[in-house]
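> The structure that follows is given in the form of structure tokens.
The values are calculated or read from the model by the stated rules, or taken from the named source; none is laboratory data. Treat the numbers as computed from the prediction; the structure is a model and nothing was measured. Heads up, the Cβs are rebuilt from the backbone with ideal geometry, glycines too, and the neighbour counts pull from every protein chain shown. For accessibility, only protein heavy atoms count, side chains too; no ligands or nucleic acids. Shrake-Rupley method; radii C 1.70, N 1.55, O 1.52, S 1.80 Å.
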Amino acid sequence: MPSKPTACLALADGTLFYGKGFGATGTRVAELCFNTAMTGYQEIMTDPSYAGQIVTFTFPHIGNVGVTPEDDETADPVAEGMIVKWDPTEPSNWRATGDLVTWLERTGRIGMGGLDTRRLTRAIRQQGAPHVALSHDPEGNFDIEALVRAARGFRGLVGLDLAKGVSCAQSYRWDEMRWAWPEGYARRDPAIPAPKVVALDYGAKRNILRCLASAGCDVTVMPATATAEEVLAQSPDGVFLSNGPGDPAATGAYAVPMIRGVLDADIPVFGICLGHQMLALALGATTIKMNHGHHGANHPVKDLETGKVEITSMNHGFTVDSQTLPGGVRETHVSLFDGSNCGIRVEGRPVFSVQYHPEASPGPQDSFYLFERFAEAARARAGARG
């Protein structure tokens, strides 16, 4: 006799998927997305941009390299849960300090395996990112009607500000650089002169901060709710706007006035993902919810100014409406998958942003030059100020 299912995924339209549960028990309600990356499941689960979402992994080998604290993008997983094709295997990697199942259980996140992730991914693409309830019960007892009601009752991400919940509570300095063999994470040498950069934390990944430090920046991280006055009091040579979860229009209610204050001070600005969207809002554009978003590590993006195509990592469910960009703001990058906006810049000023993740983690590192471009702009301002 087949074993009894121990996990159930209920979609708001009443569709049900059954499988084998692992990790924590209980029920989580969220938006469901899929990620096509072949590596980096731990970085994906700990990316603060996944707040309010459950991730379906299209790559079947999830868990095979275990987990290690070095790969955490924040202290604990932020995604509500994970859906995989095959049950996680025992880890086989020299860096592993634990296994995926135990890690999920310890951090209160639910996993579900043994279902047709290709079918589930097609449903997401065709119908849009659904609202779902994911339940894990070792006894296999599920109240299906209650799960469907819970999925239908999820309010969704539109109009939802999630950045405050994943931002830091107070300012701090950051000097750790990117991982490199054999020393691992080295520290930036404070004796080397560096431009002062304020990084606004809307859900910043650690590897973004490491990239800023590796590019030669003296980084101070500030909470999402910091005001323009508080940011400018740091006398920054550059301001960075981080990635993060939720609806950019909702977060923009308090972030946009701060960004406009920084722009008025004529300081170099660089934004990524949510930071890109909020910079666009501050400049007068609008954002819209996508059907199923972009989540993966193999997204081709074209630089319209050079003709170069970069393979990038992406994780976003909202996008900038390029038709609303005002005069003086140029669209610099577009997705070759669907033509959606992937970058902007202000003409004649060191103010720019991209929708994708140039720090990768996981994914290709084609776009690290953007951190160097920002650091050079900040360095030029520092030099001009003496």
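> Let me spell it out: the conditions are (1) open to solvent by less than 10 Å² (accessible area, probe 1.4 Å); (2) over 14 Å from the mean Cα position of the chain (by Cα); (3) more than 20 Å from residue 130 (Cα to Cα), and residue 42 meets all of them except one. Which number is the exception?
(2)
> Of a type in the set (Val, Ile, Thr) and over 28 Å from residue 294 (Cβ atoms) - does that describe any residue in segment 149-158?
No, that holds for no residue.
> Cβ-Cβ under 7 Å, sequence separation 6+ or interchain: first residue in segment 304-324 and over 14 Å from residue 358 (Cβ atoms) and part of a loop (DSSP other than H, G, I, E, B), partner of a type in the set (Ser, Thr, Tyr) and open to solvent by 40 Å² or more (accessible area, probe 1.4 Å). Which pairs?
Correct list of pairs: 321/286.
> Tell me which of these residue 170 doesn't satisfy, since it passes every other one: (1) open to solvent by less than 50 Å² (accessible area, probe 1.4 Å); (2) closer than 26 Å to residue 266 by Cα; (3) outside any strand (DSSP E or B).
Among (1) open to solvent by less than 50 Å² (accessible area, probe 1.4 Å); (2) closer than 26 Å to residue 266 by Cα; (3) outside any strand (DSSP E or B), residue 170 violates only (1).
> Scan segment 231-266 residue by residue and report those that are open to solvent by 20 Å² or more (accessible area, probe 1.4 Å), not polar (S, T, N, Q) and not in a helix (DSSP H, G or I).
Of everything in segment 231-266, those that are open to solvent by 20 Å² or more (accessible area, probe 1.4 Å), not polar (S, T, N, Q) and not in a helix (DSSP H, G or I) turn out to be 233, 265, 266.
> Please indicate, with yes or no, whether at least one residue in segment 178-190 is modelled with pLDDT of 95 or more, surrounded by 14 or more Cβ atoms within 10 Å (Cβ to Cβ) and under 28 Å from residue 252 (Cα atoms).
No; the residues of segment 178-190 include none that is modelled with pLDDT of 95 or more, surrounded by 14 or more Cβ atoms within 10 Å (Cβ to Cβ) and under 28 Å from residue 252 (Cα atoms).
> How many residues does segment 95-115 contain that are in contact (Cβ under 8 Å) with a residue 60 or more places away in the chain and of a type in the set (D, E, K, R)?
2
> Consider residue 344 carefully, then state whether it is open to solvent by less than 40 Å² (accessible area, probe 1.4 Å) and of a type in the set (A, V, I, L, M).
Yes; evaluated as a whole, the condition is true for this residue.
> Hey, among 56, 36, which residue is at pLDDT 95 or above and crowded, with 23+ Cβ neighbours inside 10 Å?
56
> I need the full set of residues from segment 267-290 which are open to solvent by less than 10 Å² (accessible area, probe 1.4 Å) and either at positive phi or of a type in the set (Val, Ile, Thr) (or both), in order please.
267, 269, 272, 273
> Okay, next question. Only one of 363, 293 is in a strand (DSSP E or B), at positive phi, touching a strand residue (DSSP E or B) at 6+ places or on another chain (Cβ under 9 Å) and not aliphatic (A, V, I, L, M); which?
Exactly one residue qualifies, and that residue is 293.
> Go through segment 347-365 residue by residue and tally those that are more than 23 Å from residue 45 (Cβ to Cβ), charged (D, E, K, R) and either buried (at least 24 other Cβ atoms within 10 Å of the Cβ) or under 19 Å from the mean Cα position of the chain (by Cα) (or both).
0
> Please verify whether residue 66 is over 21 Å from residue 291 (Cα atoms) and either in contact with a His (Cβ under 7 Å, 6 or more places away or on another chain) or open to solvent by less than 10 Å² (accessible area, probe 1.4 Å) (or both), treating the condition exactly as stated.
yes
> So which pairs qualify, if the first residue must be in segment 358-386 and free of Cβ contacts under 8 Å to residues at least 60 places away in the same chain, the second must be among the hydrophobic types (A, V, I, L, M, F, W, C) and surrounded by fewer than 22 Cβ atoms within 10 Å (Cβ to Cβ), the Cβ gap must be under 7 Å, and the two must be at least 6 apart or on different chains?
The qualifying pairs are 366/311.
> Which of the numbered conditions does residue 337 fail, given that it passes all the others? Conditions: (1) under 23 Å from residue 33 (Cα atoms); (2) part of a strand (DSSP E or B).
(2)
> If I filter segment 17-25 for residues that are of a type in the set (Gly, Ala, Ser), in contact (Cβ under 8 Å) with a residue 60 or more places away in the chain, closer than 17 Å to residue 102 by Cα and surrounded by fewer than 22 Cβ atoms within 10 Å (Cβ to Cβ), do I get at least one hit?
Scanning segment 17-25, I find at least one residue that is of a type in the set (Gly, Ala, Ser), in contact (Cβ under 8 Å) with a residue 60 or more places away in the chain, closer than 17 Å to residue 102 by Cα and surrounded by fewer than 22 Cβ atoms within 10 Å (Cβ to Cβ), so the answer is yes.
> Suppose we keep only residues that are in contact with a strand residue (DSSP E or B) (Cβ under 9 Å, 6 or more places away or on another chain) and over 13 Å from residue 215 (Cβ atoms) within segment 366-386. Which one would you say is least open to solvent (accessible area, probe 1.4 Å)?
Taking the candidates together, the pick is 382.
> Pick from segment 267-289 the residues that are in a strand (DSSP E or B), of a type outside the set (Phe, Trp, Tyr) and touching a residue at least 60 places away in the same chain (Cβ under 8 Å): which of them is farthest from residue 131 (Cα to Cα)?
269
> Quick check: is even one residue across segment 202-218 within 28 Å of residue 356 (Cα to Cα), open to solvent by less than 10 Å² (accessible area, probe 1.4 Å) and free of Cβ contacts under 8 Å to residues at least 60 places away in the same chain?
Looking through segment 202-218, at least one residue is within 28 Å of residue 356 (Cα to Cα), open to solvent by less than 10 Å² (accessible area, probe 1.4 Å) and free of Cβ contacts under 8 Å to residues at least 60 places away in the same chain.
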